[in-house]
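First the structure, in the form of structure tokens, and then the observations on it.
Since every read-out is calculated from the coordinates, none of them should be taken as a lab result. Remember, it's a predicted structure, so these values are computed and weren't measured experimentally. Virtual Cβ from ideal backbone geometry, glycine too; neighbours counted across all protein chains shown.
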Amino acid sequence: MKAVILKTRGAEGVVYGEAPDPVRPPGWARVRMLAASVNRVDLYMRDSGAGITHALPQIMGVDGVGEILEVDPDSGFAPGDRVLLYPCEFCGRCRFCLAGDQPLCVAVKILGEHRDGVFAEEVALPAVSLIRLAPEADVEQAAALGVAWLTAWRMVFGKGEAGPGSSVLIQGAGGGVAYAALQLARMAGARVIASTTGAQKLAHVRAMGVPAVDYAAEDVAKAVLRLTGGEGVDLVVDDVGEKTWAASLRSLARGGRLVTCGATTGGHPSAEIQRLFVRQISVHGSTMGSLDEFRRLVRAWEAGGFAPLIDGVFPLSEVPAAFARLEHPARMGKIVIRIA
Ligand SMILES: [Zn+2]
């Protein structure tokens, strides 16, 4: 089958070529991939992969949607069913799995990170990791949900506890996770403020009725305090890291929460411990979401609660071009890989 394989580290190591067809053990499904999406973590795997147990060559790609080719008759699925792929393979037996928190599984294998991913014509994975998709569902939007939206869901609703009447700052709102968090916080009835830069992104956010702070031109924390009558926000969603950390802390109201899921700009900002305890601020790390959160996310999407923004669509053979677009400053929303 055709696949995008990471053979060696670096851009030149990303190869579109032949890979062996996946093998389906009992309890698993063989899925024909229809679409996938690119994520920052793909670039991390391409360029470093440090701290993630895996072996090269490995098929890239973390989230996607497909159609079942082969599955056990007692699985509740049948060949031809359209399914979303939960991006984590989990053991189902450890204390975290039994508590329903699969991303913390002691044996977790994230697709495209710890095991072969989804930038391929076929994928095999446990049938319990599949979520049924309506036959008429938009495949390209669905393909965007697995990582960015699931991560944002847990940040906004799980760790962040955003709800009607709460206030939320989204840092770097053009990114995949941040843009998803912005839409989910609005869906929850929160008052949302976004930081971003570039005329197009600022205009896009403002057209949604969301106050947008240009972080290249303005002090974000000062602007947030001005917009909230000096109070600050209840929740900051920050996947930027070192560059935005100080502004995120200073934008928070007393008792506020900072939720982080990324450190693209570096991972060692000043902790500002005094500010943390005096103002009783809490900091939460978040990665992915549980299978149950994924199910709720998909149902909320099907009910029309939100619509993923698609920046562009590339064929499987042009994943390197999709990666280049992901890094382009004008990119806004998700980049989808169309496979079939
Ligand atoms: Zn487990």
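Cβ crowding within 10 Å ranks TYR215, TYR86 as TYR215, TYR86, fewest other Cβ atoms first.
From least to most packed, judged by other beta carbons within 10 angstrom and beginning with the fewest, ASP239, ASP214, ASP47 follow the order ASP47, ASP214, ASP239. By the Kirkwood approach, averaging reciprocal distances over each pair of separate Cα atoms, region 149-285 gets a hydrodynamic radius of 14.3 Å.
Computed from phi, the 3J(HN,Hα) profile of region 302-316 under the Karplus parametrisation 6.51, -1.76, 1.60 (θ = phi - 60°) reads 4, 7, x, x, 6, 9, x, 8, 9, 7, x, 10, 10, x, 4 Hz, with x in place of Gly and Pro.
Computed from label points 7 Å out along Cα-Cβ, the spacing between GLU136 and GLU12 is 5.1 nm.
Taking amide H atoms as placed 1.01 Å from N in the peptide plane, the amide H of ILE337 lies under 5 Å from those of ALA36, SER37, VAL38, PHE314, each 5 or more residues away in sequence or on another chain. Over 24 Å apart at the Cα level, from the set LYS222/LYS334; LYS201/LYS222; LYS109/LYS159, are LYS222/LYS334. Once the Cα-Cα distance is subtracted from the 0.36 nm per residue extended length, the HIS268 to GLN280 segment shows a gain of 2.2 nm. With a cut-off of 16 Å, note down the residues of region 307-328 whose backbone N falls inside the zone around a label point 7 Å from the Cα of ASP21 toward its beta carbon. Once the point is set 7 Å along Cα→Cβ of ASP21, nothing inside region 307-328 turns out to lie under 16 Å by backbone N. In a fully extended conformation the segment linking ARG226 and ALA124 would gain 31.6 nm over its present Cα-Cα distance, using 0.36 nm per residue. Using the Cβ-Cβ distance between ARG338 and CYS94 with R0 set to 25 Å, the FRET efficiency from 1/(1 + (r/R0)^6) comes to roughly 0.10. Calculated [222 nm] ellipticity per residue, helices only, for the chain: -6500 deg cm²/dmol; basis is -39500 (n - 2.57) per DSSP H run with n ≥ 4, divided by all residues, nearest 500.
Computed packing ranks the peptides 327-337, 272-282 as 327-337, 272-282, most packed first, by mean other Cβ atoms within 10 Å.
Each residue of region 219-226 was assigned a 3J(HN,Hα) from its phi angle through the Karplus expression (A = 6.51, B = -1.76, C = 1.60, θ = phi - 60°), giving 6, 4, 4, 4, 5, 5, 5, 4 Hz with x at Gly and Pro.
Note on ALA199 and ARG254: the extension gain reaches 16.6 nm, defined as 0.36 nm multiplied by sequence separation minus the Cα-Cα distance. Would you mind estimating how fast the chain diffuses translationally, via Stokes-Einstein at 4 °C and 1.567 mPa s with the Kirkwood radius over Cα pairs, in µm²/s? This corresponds to a translational diffusion coefficient of 63 µm²/s. Applying the Karplus relation 6.51 cos²θ - 1.76 cosθ + 1.60 with θ = phi - 60° to region 143-157 yields 3J(HN,Hα) values of 5, 7, 7, x, 9, 4, 6, 5, 4, 5, 4, 5, 5, 7, 9 Hz, where x marks Gly and Pro. Distance from the alpha carbon centroid of region 212-269 to that of region 34-75 works out to 31 angstrom. Based on alpha-carbon centroids, what's the gap between region 122-137 and region 138-182 in Å, whole number please? Value for the Cα centre distance between the two parts: 22 Å. Between GLU122 and MET33, the built amide H atoms are under 5 Å apart, and every one of these is 5 or more places off in sequence or on another chain. DSSP bridge analysis restricted to region 25-141 gives an antiparallel fraction near 95%, rounded to the nearest 5. Backbone amide hydrogens, once placed in the peptide plane, bring VAL213 within less than 5 Å of ALA194, SER195, THR196, excluding anything fewer than 5 places away on its chain. Counting beta carbons within 10 Å around each of THR53, THR260 and listing the fewest first gives the order THR53, THR260. Counted by Cβ distance under 10 Å from GLY13, the other residues give a net charge of +1, where Lys and Arg count +1 and Asp and Glu count -1. Summarising the strand pairing of the chain, around 55 percent of its internal DSSP beta bridges are antiparallel.
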